[in-house]
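Following: one structure in structure tokens, then a few remarks.
The values are calculated or read from the model by the stated rules, or taken from the named source; none is laboratory data. In this text, all values refer to a predicted model and were calculated from it rather than measured experimentally. Glycine also receives a Cβ, built like all others from the backbone with ideal geometry; neighbour counts cover every protein chain displayed. Only protein heavy atoms, including side chains, enter the accessible area calculation; ligands, DNA and RNA are left aside. Shrake-Rupley method; radii C 1.70, N 1.55, O 1.52, S 1.80 Å.
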Amino acid sequence: MQNFVDNSTPNLYNFPAHDVDPAIKLRKDWNVQYCQAIHSLYRNNLTGINYSDVDMFARFRAYGNGNQDKLQYMDWLGITKRPTPSLPTQATGVSGPTQQPSDFVRQGFMNINWEILSVAPNFKNVILGTFEDVDHDIYADGVDEKSSAQREEAKWMLWMEREMKTYIDEVRSSVGLKNQQPDYVPETMQELQMFSSLGGFKLKSEIAIEEAMRYTKDISEWREIKRKIFEDLYELGVAVTKDYVDPQTQKVKVRYCDPALCVIPYVHQTEFANMPFAGEYIFYTIAEIRALNNPDGSPVFTEEELQEIAAKSVNQYNNPAIINNWYIDQFGRYEYDTFRVCVMDAEYKSDDYKFTTERVNSKGETVVHRDEFGKVRSGEKRKTHITKTLMVYKCKWIVGTEFAWDYGHQFDIPRPTPSQANLSYHAYRLKGGSMIKRMIPLLDSIQLSWLKLQNAKAKAAPSGLAIEYGSLLNISIGNNKLSPLEVLKIRNQTGDILYQATTHRTYMPSQTNYKPIQELQSGLGVQGQEFLQLISHDIDMIRQIIGINRIADASTPANDQLVGVSEMSLQATSTTLKPMYSAYITLKERTFRNVALRVQLMVKFSGEYELSYFRALGSAITQTLKIGSEINNAMFGIRIEAKPDAQEKQNIIEAAL
């Protein structure tokens, strides 16, 4: 396989020093070195998602779609390869064997249809259908002391409305106020506590954050992201998402990331918590890179630099092997404008150190000022304080070159606490690998049985007759002598058989049940049943491995199956799929925790963002977000709760009636 990232030798690069002047970290060379170090770890398979995983992921996805390599089965069945020249391939969406079934010599009777017969897409549809209408709502709970106090105050105010209703109504009437009844008044203290535990005392700030997160969910097309997450968990066993601020709309969004193009560090946790770096490989064309501009409007790269970038991309990423013309044509285009370039879009954490000096001036006043990096003063009148802040840096680096852009501080960093910082990427890996990984041996077995069944059918002789020709000779009816063909015609038309019980020497046949015509069964018979049983056995084994039974996949539903038994079977299927759904919930919760933090940051510091949300959510919610953003961003805890399913909704309705 051709390296889809670059053709460089996978040497290990050292990470740049972190304990340097923060001004150095804003330079291109520091950020490029960091990206080179990340890339070298990835190329040497020292990350959580490795370079060698690219081919494996492509193979798993092919099996999941029922498009696995047909040539491997020809090899296993003893088909010899015809020598053909191999062509370079690429692993990002266009990888695959260059040889086709026609490039092989078919031996013996293996002249069959080699197309794949796979049940993997069916099981994928079952899983996607299972989770299609199952989801969890997003809730925000204020966890700071002020929010807790406000909820307690609202709770006891409601209780006071019940306990002192008559007196409160009299006071309101005496001052000319209308009596306002709460939507709900608990009858007992237990009801009050239950109402509180169910989120009955929701604060305006919590409602505003929830509305903002749901709005982000809608504009990000979360339903499609959810489908891709479950596809990746089913086929690859890992899923990745990213939250970000759309540069055009200045709104917080979430997008799906292809794990095959992601760089995730190796960590022990399955949810990849506290990652020091993360990123993904994105392909740009030279024309797209030419359109990049600096803040002052000048182009990021000169045409000479673009030509150097194009030259390094020759014969890679499906680019031509040679550039014939380096000059602009009559239509204002360059030949290399369509060349694809691999870019690493990376984020990484680094501690910044700030040196401040505290001194006493001539008036005896204490003055604090920013000092030179690395300068430590410890005199009587001057003392240096060192402050460490965890920062997130970013860079878009053109792989295999020294060119980069959009490097330096990452903006709108989600901070759960002042000392913490979150990256934009979120990943989760299932323990034990993906379902497809566990199904592959059985999928191969099914395909081999299917091919052998076809071969048996091709070689099987049709049903026929075994005829003792001598018994049909010299047969007459009246004065008409019948030929053997006429005797057979009578049998076909009437079912009667005319034959001589003696031979021409008047000997009787030795068999007591002798028949001159015997039917021959087709050649498939027992062999065909064996192959069909093997296929059925392998499908049942797949159900046991991934935990989807016949009722869940609706392959053989029993008409007389009791409802209770069917529900138990479906519950067993749901239990086996819980790790996959738990992975999805964890990924969603961590993603929208970042979204909540970003929304507060954007409303607090971006007037344009406030205006965009004002138009989408209304003035009341936007103003609440604005006021709430003045509080520390860590004051909201994000939780995920299940929506009631159809049966639960029906139970609630029946209980209420």
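A few remarks follow.
- Scan the range 259-284 for residues that are farther than 17 Å from SER40 by Cα, open to solvent by less than 40 Å² (accessible area, probe 1.4 Å) and in contact with a strand residue (DSSP E or B) (Cβ under 6 Å, 6 or more places away or on another chain) and the total you get is 3.
- Failed criterion for SER298 (all others in (1) out of contact with any Gly (no Cβ under 9 Å at 6 or more places or on another chain); (2) open to solvent by 60 Å² or more (accessible area, probe 1.4 Å); (3) at pLDDT 90 or above hold): (2)
- Among the residues making up the range 414-425, those that are surrounded by 16 or more Cβ atoms within 10 Å (Cβ to Cβ) and either free of Cβ contacts under 8 Å to residues at least 60 places away in the same chain or hydroxyl-bearing (Ser, Thr, Tyr) (or both) are SER424, TYR425.
- Taking first residues from the range 230-255 that are within 20 Å of ILE585 (Cβ to Cβ) and free of Cβ contacts under 8 Å to residues at least 24 places away in the same chain and partners that are of a type in the set (Asp, Glu) and crowded, with 20+ Cβ neighbours inside 10 Å, no Cβ contact under 6 Å between residues at least 6 apart in sequence or on separate chains turns up.
- Screening LEU453, LEU465 for residues that are open to solvent by less than 40 Å² (accessible area, probe 1.4 Å), at negative phi, of a type outside the set (Gly, Ala, Ser) and touching a residue at least 40 places away in the same chain (Cβ under 8 Å) leaves exactly one candidate, LEU453.
- Residue satisfying condition, being aliphatic (A, V, I, L, M) and in a loop (DSSP other than H, G, I, E, B), within set ALA273, ALA310, ALA239, ALA278: ALA273
- For the range 107-138, a residue qualifies if it is more than 21 Å from ILE546 (Cα to Cα), open to solvent by 80 Å² or more (accessible area, probe 1.4 Å) and at pLDDT 55 or above, and the qualifying residues are ASN111, ASN113, GLU115.
- Tally, over the range 19-70, of residues that are in contact with a strand residue (DSSP E or B) (Cβ under 7 Å, 6 or more places away or on another chain), among the hydrophobic types (A, V, I, L, M, F, W, C) and open to solvent by 10 Å² or more (accessible area, probe 1.4 Å): 1
- Of the residues examined, GLN180 is not one that is over 30 Å from TYR281 (Cα atoms), part of a helix (DSSP H, G or I) and at pLDDT below 85.
- Residues within the range 317-363 that are among the acidic types (Asp, Glu), at pLDDT 90 or above and part of a strand (DSSP E or B), tallied: 4
- Restricting the range 436-448 to residues that are open to solvent by 10 Å² or more (accessible area, probe 1.4 Å) and in contact with a Leu (Cβ under 8 Å, 6 or more places away or on another chain), the residue that is nearest to MET602 (Cα to Cα): SER445
- Every residue from the range 357-379 that is under 55 Å from the mean Cα position of the chain (by Cα) and surrounded by 10 or more Cβ atoms within 10 Å (Cβ to Cβ): THR357, GLU358, VAL367, VAL368, ASP371, GLU372, PHE373, GLY374, VAL376, ARG377
- Screening VAL399 on (1) crowded, with 17+ Cβ neighbours inside 10 Å; (2) farther than 30 Å from GLN307 by Cβ; (3) under 47 Å from the mean Cα position of the chain (by Cα); (4) among the β-branched types (Val, Ile, Thr) shows it passes everything except condition (2).
- Of all residues in the range 370-388, those that are farther than 16 Å from ARG359 by Cβ and free of Cβ contacts under 8 Å to residues at least 60 places away in the same chain total 2.
- Qualifying residues in the range 474-496 (those that are of a type in the set (A, V, I, L, M) and over 14 Å from ILE517 (Cβ atoms)) - the one surrounded by the most Cβ atoms within 10 Å (Cβ to Cβ): LEU482
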